[in-house]
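The values are calculated or read from the model by the stated rules, or taken from the named source; none is laboratory data. For clarity, every value in this text was computed on a predicted model and none was experimentally measured. Here the Cβ is made from the backbone with ideal geometry for all residues, glycine too, and neighbour counts use every protein chain on show. For accessibility, only protein heavy atoms count, side chains too; no ligands or nucleic acids. Shrake-Rupley method; radii C 1.70, N 1.55, O 1.52, S 1.80 Å.
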Amino acid sequence: MTITSLLPGRLGLGTAPLGSMFRDVPAEEAAATVEAAWDHGIRYFDTAPFYGAGLSEIRLGDALAGRPRDEYVLSTKVGRVILDEVEDPATRDFGEKGGLFAHGRPNKILHEWTADATWRSIEDSLRRLRTDRLDIVWVHDVAQDFHGDEWLAVYESARTGAFRVLQQLRDQGVIKAWGLGVNRVEPLELTLDLDEPKPDAFLLAGRYTLLDHDRALRRLLPASADQGVDLVVGGPYSSGILAGGAHFEYQAAPAHIVEKVTRIRELAGRHGISVKSAALQFALAHPATAAVIPGATRPDRVAQDVAALGETVPTAFWTELRDAGLVSPDAPLPTA
């Protein structure tokens, strides 16, 4: 199945920030953010054990406790098992994302995509999330950004382990859908070439945004659309730079990215729209995209996201954006 019919709307909430990403997020703030999302009608929530060593799942589970389970869709990820042993979060090696969750829980994180680890990860997530079932499960981070030259070996471990477990669970009706949740295009292209197992969807973070979409457009998105594999776009603000922040790719934004964002912001200002509206609506314009899941840790940011999705963006903006070379000429635009 595709997940378009499963998802309750085109806007969900990414909860990586609830794992104290970049800063020490108070529990009260995290709870208020989930409550704001619920109050604004958002019913799709995505999390992962990796986010703060289980902190995001715990906080999301607490915030959703008591809500009717049939009224929302929940996805989490496999590939990391959270241990009871503790360590200094600042000493963890997360590849290109070192220090990302330095303020999370100190529990050790076991990186493993085998069948046994997948079963254990799911059981632990159910406990942290305080729920009896998961709707979508993503195989997390089997890509270059975490594993460098070793990523193909990690991918193969997941293909023979996690992929098969999740397909079995999907075929048995235990979960409704599965796929990969990554920050790179290449693992998804490989997966589309497999005869078996076959995923239902992909969660692609940061690779189909206003700032970075060329590679995804070449092969991945056309092939996904042809095969009926839906795309959920994560990180639509490119780690925050498109939402007024200073991060791009989880690091301080380089000068050329700052310059490009400045040009987009100036163009948006001339047309009286927000950059957030341009970012969200651009990501959703491709026919392969089922939903977009920006992250937030403050209730007012959720309200901004909802407003941005409903904002009217004039055709002239998209035309000028393309004419200025700020988006690929091959990218579908909402109204141009």
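In the chain, the DSSP beta bridges split such that about 15 percent are antiparallel, to the nearest 5. Computed 3J(HN,Hα) for segment 103-119, one whole-Hz value per residue from the Karplus formula 6.51 cos²θ - 1.76 cosθ + 1.60 where θ = phi - 60°, is 9, x, 5, x, 4, 5, 10, 8, 8, 7, 10, 6, 4, 4, 5, 5, 4, glycine and proline marked x. Relative to the longest principal axis of the Cα atoms of the chain, the long axis of helix 162-171 makes an angle of roughly 90 degrees. In this label model, Asp84 and Leu326 are separated by 5.4 nm, measuring between points 7 Å along each Cα→Cβ vector.
Which log10 I(q)/I(0) values does segment 132-288 give at q = 0.11, 0.15 Å⁻¹ under the Debye formula, counting every alpha carbon as one identical point scatterer? Relative scattering, expressed as log10 I(q)/I(0), comes to -0.49, -0.84. Calculated mean residue ellipticity at 222 nm for the chain: -11000 deg cm²/dmol, from DSSP H runs with n ≥ 4 weighted as -39500 (n - 2.57), summed, divided by the residue count and rounded to 500.
Relative to the globular-protein estimate of 2.2 N^0.38 Å, the Cα radius of gyration of segment 43-121 stands at 1.18.
The label-point distance for Arg219 and Asp116, in a model that sets each label 7 Å from Cα toward Cβ, rounds to 3.5 nm. On a per residue basis, the chain carries 39 Å² of accessible surface, using protein heavy atoms and a 1.4 Å probe.
Fraction of C-alpha pairs exceeding 18 angstrom in segment 1-133: 54 percent, rounded to a whole number.
Every Cα-Cα pair in segment 112-196 was counted, and those over 18 Å apart are 41% of them. Amide H neighbours of Arg80 under 5 Å, counting only residues 5+ apart in sequence or on other chains, H built in-plane at 1.01 Å? Here Glu112 satisfy the definition.
Taking the average, over residues, of other Cβ atoms within 10 Å as the packing measure, peptides 2-8, 291-297 rank 291-297, 2-8 from highest down.
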